[in-house]
Structure formats: structure tokens, C-alpha cells
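J.: Before I ask anything, let me first share the structure, which is written out below as C-alpha cells.
The values are calculated or read from the model by the stated rules, or taken from the named source; none is laboratory data. This one's a predicted model, so the numbers in the text were calculated from it and none came from an experiment. FYI the Cβ positions are ideal-geometry reconstructions off the backbone, even for glycines, and counts take in every protein chain you see. Heavy atoms of the whole protein, side chains included, go into the accessibility calculation; ligands, DNA and RNA do not. Shrake-Rupley method; radii C 1.70, N 1.55, O 1.52, S 1.80 Å.
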Amino acid sequence: MPTECSTDCDLFGAVEGRRVVADFDGGTITSDAGGLLLKATDRAIGLIERFAVCFNDRRRPELIEHSVATLVGQRVFAIALGYEDLNDHDELRRDPLMAVLAGKLAARRQDCAPVAGKSTLNRLELSREVASRYKKISHDTAAIEKLFVDLFVEAHSAPPKQIVLDLDATDDPLNGHQEGRFFHGYYDCYCYLPLYVFCGRHLLAAKLRPANIDASFGALGEVERIVAQIRARWPFVRILLRADSGFARETLMAWCEANRVDYVFGLARNTRLVKAIEAELAQAEEEACRTGAPARRYKDFRYATRQTWSRERRVIGKAEWTKGEANPRFIVTSLRKAETGGRFLYEKIYCARGDMENRIKECQGDLFADRTSTATMLANQLRLWFASMAYVLLSALRRIALTHTQFAEATCGRTG
């Protein structure tokens, strides 16, 4: 069959009054032509322009070549295209496609390239929350954090009835002597312990933290901020928090109960919890020995700790016998029995949180969110946000442009 090629050459809009044309006539070749789809996606959601507004530029306009919007766009697009280091930009600054993506085709001065090199971008990454004599670009932390939630809300054509917010902490290994680094016994390395909040594939928060803290540290503040922002736009949406046992803390659960937010958290086992499902474990062991296959039972009961909890709460215990030994697991929830049974709640709702780990792998593995090698936590937090914005951009590309293609469910590594 003959190939049907599109003859429309005006798919990608214009930059500074010049058409951006894609055809098959040869000439200068780029391996990053897919970046034009990222540019089109950015025009649809306005990410780069709005991200740039979160920075305050106190440089003298007549003395600068590259605007903050150019710098921000260049950094985010490059990460999305797989360029992880600032060193890459010493070549990318002369790449015509990067100039198209940054929206600046020519330099105003003869001794400059259209877009910035590593040194200028490094000064952007080292910007502070308050500008100084030598650091004249500053950034607004609250505005950046708000933008993630704004982009999430705007991705929906109508308010959903219910959303699930997944919280998780992960390790960000460090090889230098960065500010805030500590040795974490569980991960067996020096690292940061960033906190992520997702709703499905939507990234709502990426907070860099030192590793000498409880996994839930700062989670309540992030949840309060995100829930308030969401409810300002969707006042009637039902919100469910989902996380592992590191987040089953009295302060977070009590806040949820007082603010119409449901939760389902993993619950670390102890002797009292295991004793509560002894009969179910015995039944599971008997079945496993009889069938030769893993067996499980579920028990729905009320439970409270002796000191840390302010009230009894609903707990579901999974009494599992597998590989010749007991494997008890527990979750705690605010959801009522009348709404959902224990087995369904554990297997279909709680266990689905595992998909969030794939989203974190995309951020850290595909988009270099773990490249936190600068000296200060503030600069490393900004690096994390640049990588996170690249994730939001690629996620929007999957949602808007690739919905009916084989790449709709592709990871960021394959999409980019």
C-alpha cells in the first residue's frame, strides 16, 4: 500500500514571525525533532511561561542576552529530551532546534549564541529565594509549588467526583558532601529523602528533604496546602490519601478526620496486631499446606495503640501464609465497612499505590531528578523542580497528543 504522508508543513506554529516547517527535503538533520511536540504541548498548557513567572529577574535588561523565560525553557526542554547535565548546553546553545524550543532564533550580540551555555544556566540554578548583589535572579518557592497543583487541576475538563493522592518518600543517593546529607540505615547510603505526591500520573509535589527525618516529616504541611488549593477549585471533590506505613501517624490521620479527607495507610505490624489475626493465620496455614499454594484470609477489626493514637480506628489485617511462613500485613483506614469490604480495600485500593513507584522511577531514572550534586539544598531543590517540570510536560504530551497511540502508556524514557 502507498504511504500516506501529511503535506501540512505548518503544524508547529511560528517563532519570532518565522514558520517552523517539518518536511522530508533533507538539509540540516536533528535527532531531537520530537522536541517540536514538546513545544506544542507547552503552548497548550503554558508551563514554561508560567514557570518563568515564578522567578524574579533583577538584572539590567540592557546588559543581558538571555531572558529568564529562555533559560527556564531551555533547561526544562533539555531534560525532557534526555540532556541531564549543564555541560550539554555548551553544544546545545548552538542547536537550531533548541533555539526554536526556547523561542529565540538569534542572539542580539554577535559574540553570543541564541540560547545560553552552562555558566549562565548554572547561575539560574543557584538562584536564591531573595536576590542579592551577585545573585540577581531569585525564585518564589510558594509560586512554584502552587503551579504544580494548578496544572493538575487544569488537566481536567470537569471536576472529578473522587481523587486519590499518593504520598511516598524515596532515597536520592549522594556521592559528595552536599548540605543536608545524612546516612540512612534503611537505604544503606548517604542520601536525601524527597517526598513525592502524585494523583495517578499527575505530579503535585516534589519536596527535597534531608535523610535524618521520619518518612512522614512535612507531609501534613504539603497535604494541607494541596488539599486547600484543590478544594478552592473543586469544593465537592472527595479526596483519599494513600501511603505506606511510614505515613500512619496520629497527626496526619487526625487532620484527615477533621477535614473530610479519607485515608488508607499501611500499618507496621507488632505483636498485638499479629495476635489479633492468629485464627486467620492458622486457617491460611492449613489451606496452604493442603493445596501447596499461598493462602490468605482477611480480618476487619478496631484497633488503637496504647499511647500514640487518640482513638480507635478501622484496621484490616491480611493473614497470609506463603513460602512456608506467615506474612501478616495491615492497613488502617477512615473508610467505613459499609463503603468497601476489607479484602477489596486491601487488594484493589491499597495495593494500587505501588504504581506510584513507577512514577518516581520516571522522575529519577528517566528525567534525572536525582542529579542533586550542587552544594546547597536550595539549589538541589531547584534542580528537582526543573526535572519535575520536565515530567509534567511529558505527562501532558502523553495525555494530549499521544492518547490514541501506542505511546499513551509509555514511560517518560520511551516518550522522550
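J.: Based on the mean of other Cβ atoms within 10 Å per residue, sort peptides 261-272, 199-210, 379-390, 175-186 so the most packed one is first. Present the calculation step by step, with values, prior to reporting the outcome.
T.: Working: 261-272: 17.2, 199-210: 20.5, 379-390: 23.6, 175-186: 13.4.
Ranked by mean Cβ neighbours within 10 Å, highest first: 379-390, 199-210, 261-272, 175-186.
J.: Using a 1.4 Å probe, how large is the accessible area of R109, given in Å² and rounded to the nearest 10?
T.: Spelled out: R109, probe radius 1.4 Å, area about 100 Å².
J.: Span-like helices, the chain: DSSP H, alpha-carbon axial extent 27 Å or more, mean Kyte-Doolittle 0.5 or greater, which ones? Intermediate values should be presented prior to the final figure.
T.: On the way: long enough: 377-400 (34 Å, 0.88).
Going by DSSP H runs, the hits are 377-400.
J.: Would you list, by chain and number, the aspartates and glutamates whose Cα falls below 18 Å from the Cα of K361, excluding same-chain residues fewer than 8 positions away?
T.: Within the straight-line limit of under 18 Å, K361 reaches these aspartates and glutamates: E84, D166, D168, D171, D172, D244, D370, E409.
J.: Name the residue, out of R43, R249, R336, whose mean-square fluctuation peaks in a Gaussian network model built on the chain with Cα pairs under 10 Å.
T.: R336
J.: Mind telling me which of R128, R313, R359 comes out most flexible in a GNM of the chain, alpha-carbon contacts under 10 Å?
T.: Per the Cα network of the chain with a 10 Å cutoff, R313 tops the list.
J.: Still on this structure: Rounded to whole Å, give me the distance from the Cα center of segment 157-192 to that of segment 225-248.
T.: 18 Å
J.: Any chance you could look up the accessible area of S31 with a 1.4 Å probe, heavy atoms only, rounded to 10 Å²?
T.: Number for this one is 110 Å².
J.: Kindly work out what percent of the DSSP beta bridges joining two residues of segment 195-322 are antiparallel, to the nearest 5. Numbers along the way, then the final one.
T.: Working: 14 of 19 bridges.
If I count the DSSP bridges inside segment 195-322, around 75 percent turn out antiparallel.
J.: For K146, what charge total do you get from the other residues with a beta carbon under 11 Å from its beta carbon, if Lys and Arg give +1 and Asp and Glu give -1? Present the calculation step by step, with values, prior to reporting the outcome.
T.: Working: positive: R50, R225; negative: D140, E145, D150.
Value of the local net charge: -1.
J.: When the accessible area of segment 143-209 is split by element with a 1.4 Å probe, what percent falls to carbon and sulfur?
T.: Numbers: 1410 of 2800 Å².
Roughly 50 percent, rounded to a whole number.
J.: Looking at the chain, what % of its DSSP beta bridges pair antiparallel, to the nearest 5? Could the numbers behind the result be given before it?
T.: Values: 39 of 50 bridges.
Antiparallel: roughly 80 percent of the beta bridges in the chain.
J.: If you don't mind, there's one more thing I want to ask. For a quick check of your reading of the filter: which GluC sites (Glu not before Pro) in segment 68-126 sit in a DSSP loop and have no more than 16 other Cβ atoms within 10 Å? Don't skip to the end; give the middle numbers.
T.: Working: sites: E84, E91, E125; in loops: E84.
Answer in residue order: E84.
J.: From the helices alone, meaning DSSP H stretches of at least four residues, give me the mean residue ellipticity at 222 nm for the chain, per-run term -39500 (n - 2.57), in deg cm²/dmol to the nearest 500. Don't skip to the answer; put the middle values down first.
T.: Details: 14 runs with 143 residues, N = 416.
My calculation for the chain gives -10000 deg cm²/dmol from helical runs alone.
J.: Leaving out ligands, DNA and RNA, what percent of the accessible area of segment 246-404 is carbon and sulfur, probe 1.4 Å? If you can, show how the numbers build up before the last one.
T.: Numbers: 3710 of 7520 Å².
About 49 percent, which is the carbon plus sulfur part of the accessible surface.
J.: Can you sort C256, C189 by solvent-accessible area, 1.4 Å probe, largest first? Write down the numbers at each step before the final one.
T.: On the way: C256 0, C189 30 Å².
Ranked list, largest accessible area first: C189, C256.
J.: Leaving out ligands and nucleic acids, and using a 1.4 Å probe, what accessible area per residue does the chain come to in Å²? Mind dumping the intermediate values first?
T.: Working: 20840 Å² over 416 residues.
On a per-residue basis, 50 Å².
J.: Name the residue, out of L167, L402, L47, whose mean-square fluctuation peaks in a Gaussian network model built on the chain with Cα pairs under 10 Å.
T.: For the chain, modelled as a Gaussian network with Cα springs under 10 Å, the answer is L402.
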